[in-house]
1. Mind listing whichever residues of region 4-26 are within 19 Å of Arg83 (Cβ to Cβ) and outside any loop (DSSP other than H, G, I, E, B)?
2. Mind listing whichever residues of region 348-373 are open to solvent by 60 Å² or more (accessible area, probe 1.4 Å) and within 18 Å of Ala429 (Cβ to Cβ)?
3. Would you mind telling me which numbered condition in (1) surrounded by 17 or more Cβ atoms within 10 Å (Cβ to Cβ); (2) in contact with a Leu (Cβ under 9 Å, 6 or more places away or on another chain) Gly117 fails?
4. Restricting region 27-43 to residues that are touching a helix residue (DSSP H, G or I) at 6+ places or on another chain (Cβ under 8 Å) and not in a loop (DSSP other than H, G, I, E, B), which is farthest from Gly144 (Cα to Cα)?
5. Might you let me know whether region 494-502 holds any residue that is in a helix (DSSP H, G or I) and touching a helix residue (DSSP H, G or I) at 6+ places or on another chain (Cβ under 9 Å)?
6. Which residues, taken from region 138-175, are more than 16 Å from Ile41 (Cβ to Cβ) and either of a type in the set (A, V, I, L, M) or in contact with a Gly (Cβ under 9 Å, 6 or more places away or on another chain) (or both)?
7. Can you pull out the strands (runs of 3 or more DSSP E) entirely within region 563-666 that have at least 1 residues that are closer than 14 Å to Ile448 by Cβ and in contact with a Gly (Cβ under 8 Å, 6 or more places away or on another chain)?
8. Return the residues of region 558-609 that are crowded, with 24+ Cβ neighbours inside 10 Å and among the polar types (S, T, N, Q); say none if nothing qualifies.
Amino acid sequence: MTAELVRGQNHPLSQSRLEIRISAGTPVAAAAALSDENGRIHGTEWVAHPGAPVQPGLEVSRQAAADHRLAVDLDAVTEAVHRVSVLLALPAANGGAGPARFGAVAAPFVAVTGLDGTEVASYTITGLDLESAVVALELYRRQGAWKVRAVGQGYAGGLAELFADQGLSEAAQLAAGIDEAVARGLARSVQAPPPRTSEGDRSRQAAAPAVGPDQGAAPQGVPGPVPPAYGGQPAGGQGQGGPQPAYGGATGPHASAGGGPVNYSHPRRQTSAPPPPPPAAPPAQPGQPTRPVAGDATGWSMEERLYNQVWGMFEDLARTAAAYRSAVDFAESRMDKELEQALSDPRSRIGGQGDAAREAARARYTQLVDQARASLDRDVAQLVAESEVVEPALPAAFARWDNPCWHAYRVPMEIPMALRLGDLRLPEAESIRIPMLLRLPLERGLWIDSGRTDSLDGSFTDSHDMRRLAMDTAVAHAARLLAVYPAGEFTVHVVDPAGSGAQALAPLTQTGVLAGPPAQGAAGVTEVLARLTQRVDLVQMALRGGAPDALPPGFDTSQQLLIVNDFPHGFDDRAVNQLRYLVDEGPSVGVHLMMVADREESAGYGPLLDPLWRALLRLTPVPDDHLADPWVGHAWTYEPPAVPHGSEVLRTVLTQVTEARRTWNR
């Protein structure tokens with residue numbers, strides 16, 4: 001029976017190998033601190049945190065996430081350790097994109113469970129307000145046994161104040177190191193989707209969790225729908241489709257003094273009709289799963305339904321894979337424990353009795369793993385069937401380049417909800433690819449990594465090939481952005497100082513969709529950066545002054561994208577600072593950056609550029625397992641969008657964009 005603790009209450013622990021499961025309403029950083037009988041931490045090596053996730057008897061998550069699982073082995077901690085404190089903190093180095101205090105989010109929930117998922121004790125941390133770090137609970141020795149106590153002690157000064165309170169002399173340095181480790185994880189995280197409202201839950205049946213000893217292993221506190229959260233955009237920061245005001249505020253005559261759009265609806269009059277019901281699935285045969293239907297999630301339009309359905313598929317795959325992995329971990333730990341018990345008697349180590357014990361333990365392990373695999377295969381098969389009906393129904397903004405919808409492409413009249421940047425997959429489910437959707441308008445720049453790497457199939461990719469592939473990938477992304485925006489509402493600039501990207505840029509330059517020829521040389525870099533920096537300053541001044549319609553006549557109010565190739569070639573210190581300014585301030589006023597660069601080549605600038613790389617969503621031109629979801633921390637393999645070999649779809653689409661822009665400007 002689970003003990004539901006309140007602050008200060010304790011409960012005995014009968015197991016030494018445990019999991020601490022954490023669910024929060026926002027991504028949090030989790031850590032665990034070891035301390036002596038007086039509650040003092042003797043050094044930074046006594047703390048497991050995202051920068052040093054493994055300590056004796058402890059393993060914590062390497063990134064901030066809404067759901068965590070911390071592994072604890074109380075038998076493995078040293079005799080000097082008398083307390084194991086579980087710590088939670090709101091990320092401080094996320095560019096201000098998240099909440100700054102626990103009082104602004106849902107109360108975190110912490111549970112102590114066995115390796116089989118059985119809950120021993122739980123605690124909901126209530127009463128927090130200005131605190132940004134909290135000691136959730138502690139495991140402590142008492143008369144030779146271990147107990148758990150609900151603590152809930154918060155600190156408004158964050159981790160630095162928390163560590164200082166526990167006697168750690170390097171408190172500030174350790175807190176800064178944890179913030180840095182969490183910030184580094186932002187460049188490899190999949191963006192969480194906006195929170196789903198009570199009416200936005202998926203109407204279809206979710207994939208069944210794995211059955212067996214690890215039932216319930218999948219996190220149950222995930223806040224809302226979702227895939228790949230791709231990039232750390234703040235949840236809920238986007239609209240639900242249709243044209244949206246540029247720069248985060250109104251830009252026309254119907255603007256309030258604060259820069260936001262005016263709501264003309266009567267405050268007490270219901271003017272909106274309920275959304276039409278989603279398509280119903282055909283009746284299934286007895287004993288067979290429900291046949292999937294494209295658009296069976298809720299939403300006010302088919303686009304929104306498909307968007308929610310894709311995110312639901314991503315969430316289902318993440319959870320069923322987490323359940324499978326947890327079941328396998330449980331089976332391994334159970335086999336190890338059975339072997340240890342069976343062979344603890346020296347008399348049973350030799351002979352038939354020991355062999356029989358080993359065979360029995362391995363047989364039970366195989367049975368549990370096979371059972372978990374069968375559950376995973378069943379769930380994946382259902383998701384594959386759903387993907388087969390969803391993929392052909394996706395609109396152009398969500399579809400692959402080989403989707404037939406591109407052959408009937410027309411320049412849209414409204415901005416779509418999201419944009420497809422590629423596909424995501426997990427090693428346990430190679431048969432299914434989940435579209436990676438990024439909300440529009442962009443709130444985070446993109447970094448196409450041209451650094452040399454080994455591809456996942458074992459083939460070696462040299463630096464020249466990587467640069468070429470990276471630029472091809474950047475052009476494909478830019479073309480899709482141009483294609484999904486209405487005519488005249490998206491403008492692309494290119495900086496190519498050495499002219500090395502001329503061949504890859506041919507689809508953009510030859511169709512005339514660029515704002516001007518690619519800028520070359522140091523002078524070209526300076527001119528483009530100065531123009532975009534001035535644009536950011538003008539829009540910011542207009543919005544801060546409450547007069548967004550006071551911009552100069554003929555001012556281009558479209559979204560702007562700057563593609564930078566071969567960085568840092570052609571960039572001096574002033575240009576680097578302007579680039580950082582555009583990364584920090586540009587997205588809020590409609591200026592976005594796409595870097596095509598090898599981070600190692602810019603190492604000469606030292607830590608000056610570290611915030612720049614952390615602020616961008618890292619994508620690769622070859623499949624790479626570098627993206628992580630914000631729920632269970634899976635390492636998802638990202639596959640970039642590929643234009644079919646020999647296809648003219650890219651040029652055809654861009655030609656239509658150019659023609660529509662000419663018609664619009666007449």
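The values are calculated or read from the model by the stated rules, or taken from the named source; none is laboratory data. Please read these numbers as outputs of a predicted model, since none were measured by experiment. Positions of Cβ are backbone-derived with ideal geometry, glycine not excepted, and every protein chain shown enters the neighbour counts. Quick note on the areas: whole protein, heavy atoms, side chains included, nothing else; ligands and nucleic acids left out. Shrake-Rupley method; radii C 1.70, N 1.55, O 1.52, S 1.80 Å.
1. Passing the criteria: Leu5, Asn10, His11, Pro12, Arg17, Leu18, Glu19, Ile20, Ile22.
2. Matches in region 348-373: Asp370, Gln371, Arg373.
3. If we test Gly117 against (1) surrounded by 17 or more Cβ atoms within 10 Å (Cβ to Cβ); (2) in contact with a Leu (Cβ under 9 Å, 6 or more places away or on another chain), just (2) comes out false.
4. Restricting to residues being touching a helix residue (DSSP H, G or I) at 6+ places or on another chain (Cβ under 8 Å) and not in a loop (DSSP other than H, G, I, E, B), the top hit is Ala29.
5. No - not one qualifying residue is present in region 494-502.
6. Within region 138-175, Ala145, Val148, Arg149, Ala150, Gly152, Gly154, Ala156 qualify.
7. 591-597, 617-619, 635-639
8. Asn565
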